[in-house]
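A short worksheet on the structure shown next.
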Amino acid sequence: MSIHFATPLAALIALAVLVPLAGLLTVSRRADRARGILGLPELSRGRRLLPVAAVVALAGLLGVAAAQPGYQKGALRSVRSDAQVFVVIDTSRSMLAREKLGSPSRIDRAKAAAGRLERSLGDVPVGIASITNRVLPHLFPTTDSVVFRATLADAVGVDRPPPGSNGFSSGHTFQNATTLDSLTALAGRRFYAPSARHRLAIVLTDGESRPISASSVARSLRDAGIQTIFVQFWNGNEHVFTKGKPEKNYHPNPNAHAIIEGLAALTGGEVYTEGDLGAVSQDAHRVLGSGPTRLDPGDRARPVALAPYVAGIAFLPLTLLLWRRSR
């Protein structure tokens, strides 16, 4: 734990004690002379010094409070300086599919999995992106778990934002917006910091993508040094519900797993089902390996202000002095 001062120069306010202290000493000397003239006994040394000590203590503590002391609550931790991860979550409309009303949808399960994976990666900065017919960053890689969870809860959802004009169209035909081709944006738009030599994209999707050029995607990701892990959230018995009823025009794509398998094979990645998150975490650690670290407060070190407590303590000497005088 280290103490720091937000406004150290403000401590000079303690010098203001010199004026009342000089007045107190002057009055004390006059009182001594008056006692001598009247033949009264002199005050004890303790009673003479107590007011001076109280005023000095009050001024000193108020000076410390004005300097706004504080400390960091929680230990600094080491985080990887050479590795970054993006959790890429499919937010197309097919991710609303679920087995029955009231059961978790694919997007709900994917978001829960993202939270678990972020916690399991420990000292590796993790970011969040969404994919439909484009990839959009919602949070660049960070070690702040609080910010990660808030972004995951508040910013990630189906059609948030909606896909572009090439996305699914409402009406009589259900056309899914997911285009895994758009993963090439991870390579060309500086999602990862230049210092991140170990780059990993964990793609959480149902795999119901439009036709893609898998070789082109794989080449872009390989050239950018981005490795991949795919996690599929899919069940053939799931439906997209509207007003409590399954949409007749939505049907789970039985080729979804094959689409992901083909892309993973070309990128050198692995494909897992949503029930294999433990294996996903182990694979991620294997891909990222080990590397140099740096100290980072992350979400575990929180500033705690001490000024209010010091200001409260400052009045204790004055209270003690007034109490003794009243006896």
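Just so you know, all these numbers are worked out from the coordinates, no wet-lab data involved. This is a predicted model, so every value here is computed, not measured. No Cβ is skipped: glycine too gets one built from the backbone with ideal geometry, and neighbour counts run over all protein chains shown.
Based on the mean of other Cβ atoms within 10 Å per residue, sort peptides 190-197, 137-144 so the most packed one is first.
So the peptides 190-197, 137-144, ranked by packing, come out 137-144, 190-197.
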Using only the alpha carbons, work out the radius of gyration and Dmax of the range 77-296 in angstrom.
-> 16.8, 55
Using 0.36 nm per residue of separation minus the Cα-Cα distance, give me the extension gain between T7 and K243 in nm, one decimal.
-> 79.1 nm
Label point distance in nm, S290-L316, each placed 7 Å from Cα along Cα→Cβ = 4.8
Descending packing, highest mean Cβ count within 10 Å first, for 102-110, 223-231 is 223-231, 102-110
With 0.36 nm assigned to each residue of separation and the Cα-Cα distance removed, A305 to T26 gains 96.6 nm
Expected unfolding gain across A224-S78 under the 0.36 nm per residue rule, minus the alpha-carbon gap, is 50.0 nm
Return the FRET efficiency for the residue pair A153, S213: r is the Cβ-Cβ distance, R0 is 25 Å, and the value is rounded to the nearest 0.05.
-> 0.15
